[in-house]
Amino acid sequence: MNKNRLGRSGIIVSDICMGTMTFGNQADEKTAFRIMDMAYEAGIDFYDTAEMYPVPPDAKYVGLTEDIVGRWMKTKPRDTLIIASKVAGPGHSWITPPLRGGKTSLDRHHIMRAVETSLTRLQTDYLDLYQTHWPDHDFPYEETMMALDELVSSGKVRILGCSNETTWGLCKSLAACELHGLARYETIQNNFSLNNRRFEDELAQACRKEQVSLIPYSPLAGGVLSGKYNDDASPEGARFTSYLNGEKRQQQMARRFINEQSIESTKRFQAIAADAQMSVVTLATAWSKQHDFVASTIVGATHPDQMHDILAAADVTLSPEVMKQINAVSREIRYPMG
């Protein structure tokens with residue numbers, strides 16, 4: 001397993017990170033333990049969770065993922081693990097989290113309450129990486145970063161990151177930290193895949209120049225790149241099948257991931273993968289890792305069998321010819337996810 005540095009920090013991680021957002025919902029605890037054990041045995045030392053997991057958010061099981069990860073962590077030496085979690089963003093934006101009465105915010109009050117709860121669930125006295133799950137562009141970045149800086153100074157958090165952030169938001173936060181001498185975001189966790197390359201438009205350049213690492217999530221475009229939605233928009237047991245029957249926001253998300261363009265591009269990437277004698281899951285994961293601004297690609301699974309093609313990407317470097325073929329598809333089908 002290759003290793004990369006997170007931003008300018010002292011933390012070095014495997015270039016594949018194990019995501020956990022399905023644990024406690026789509027994957028029960030026994031299954032989650034097996035998946036994490038497989039990742040650990042393969043050399044993955046980086047594990048990402050959040051106070052709001054599992055997804056979709058539901059008051060019935062909010063926080064269960066951290067509970068499961070915390071119990072699993074007790075089976076491993078803590079110093080061998082790099083653990084990341086997230087504080088929910090503002091409850092008045094695109095989602096109302098089933099946390100703290102739905103009145104979540106990125107102010108000091110909520111950040112302090114959130115981190116203590118996460119530390120308790122994870123049964124640890126520190127987090128290696130603590131991230132804002134989504135931004136609040138109407139709230140002063142200085143106040144958010146001052147609260148997060150306290151966590152670093154206290155030793156409860158080693159480094160900071162953001163998620164679902166814009167170029168403006170990332171640069172604004174970095175400027176505030178530089179001005180006030182605060183701990184800054186070393187990572188950004190955004191959606192990035194063969195079907196969603198928008199990160200390359202602006203954010204990639206900001207990350208290169210500011211030495212902020214992308215830890216992309218959803219390298220399989222929510223599972224779409226596996227091909228399971230090719231002939232059936234709602235296969236049984238799939239995440240977006242439940243989303244299409246869920247609330248309005250979930251339906252909109254599902255339609256963004258599953259549409260005529262995304263299915264067509266997926267079929268073309270499958271053909272490229274077949275010619276390269278690998279699964280499209282391996283191709284998509286390897287492609288995500290093969291960018292200079294990416295430190296570690298977050299993968300997910302609901303069943304141990306799904307891990308084999310993901311882990312195969314650890315030893316794969318796509319050839320210039322394969323990269324050329326991929327870029328040709330991306331030029332012809334621009335922004336499949338809209």
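The values are calculated or read from the model by the stated rules, or taken from the named source; none is laboratory data. These numbers come from a predicted model, not from an experiment. We place every Cβ from the backbone using ideal geometry, glycine too, and count neighbours over all the protein chains shown.
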Test for Ser105: is it under 18 Å from Glu116 (Cβ atoms), out of contact with any strand residue (DSSP E or B) (no Cβ under 8 Å at 6 or more places or on another chain) and not in a helix (DSSP H, G or I): yes
Cross-chain or 6+ apart pairs with Cβ under 8 Å, segment 144-162 first and within 11 Å of Tyr185 (Cβ to Cβ), then of a type in the set (Gly, Ala, Ser) and part of a helix (DSSP H, G or I): Thr144/Ser173; Met145/Ser173; Met145/Ala176; Cys162/Gly169; Cys162/Ser173
Meets criteria (surrounded by 23 or more Cβ atoms within 10 Å (Cβ to Cβ), at pLDDT 95 or above and within 16 Å of Pro56 (Cα to Cα)) for Ser218: yes
Residue among Arg255, Arg184, Arg197 that is touching a Ser or Thr at 6+ places or on another chain (Cβ under 8 Å) and either of a type in the set (Phe, Trp, Tyr) or over 24 Å from Arg8 (Cβ atoms) (or both): Arg197
All helices (runs of 4 or more DSSP H) inside segment 121-215 with 2 or more residues being hydrophobic (A, V, I, L, M, F, W, C), at pLDDT 95 or above and touching a Cys at 6+ places or on another chain (Cβ under 7 Å): none
Scan of segment 153-176 for residues that are surrounded by 20 or more Cβ atoms within 10 Å (Cβ to Cβ) and among the hydroxyl-bearing types (Ser, Thr, Tyr), ordered by number: Ser163, Ser173
Within segment 63-90, tally of residues that are within 20 Å of the chain's Cα centre (by Cα) and either surrounded by fewer than 19 Cβ atoms within 10 Å (Cβ to Cβ) or not β-branched (Val, Ile, Thr) (or both): 14
Residue count, segment 245-271 (criterion: among the β-branched types (Val, Ile, Thr), part of a helix (DSSP H, G or I) and crowded, with 21+ Cβ neighbours inside 10 Å): 1
Residue identified as at pLDDT below 95, within 25 Å of Pro219 (Cα to Cα) and not small (Gly, Ala, Ser) among Ile44, Ile95: Ile95
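Here is a yes/no grid of residues against (1) farther than 26 Å from Val13 by Cβ; (2) of a type in the set (Phe, Trp, Tyr); (3) within 18 Å of the chain's Cα centre (by Cα):
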{"residue": "Ser242", "(1), (2), (3)": "yes, no, no"}
{"residue": "Lys248", "(1), (2), (3)": "yes, no, no"}
{"residue": "Glu260", "(1), (2), (3)": "yes, no, no"}
{"residue": "Ala271", "(1), (2), (3)": "yes, no, no"}
{"residue": "Met307", "(1), (2), (3)": "no, no, yes"}
{"residue": "Ile310", "(1), (2), (3)": "no, no, yes"}
{"residue": "Ser319", "(1), (2), (3)": "no, no, no"}
{"residue": "Met323", "(1), (2), (3)": "no, no, no"}
{"residue": "Arg331", "(1), (2), (3)": "yes, no, no"}
Residues being under 22 Å from Ile82 (Cα atoms), among the small types (Gly, Ala, Ser) and not in a loop (DSSP other than H, G, I, E, B) - total across segment 279-338: 5
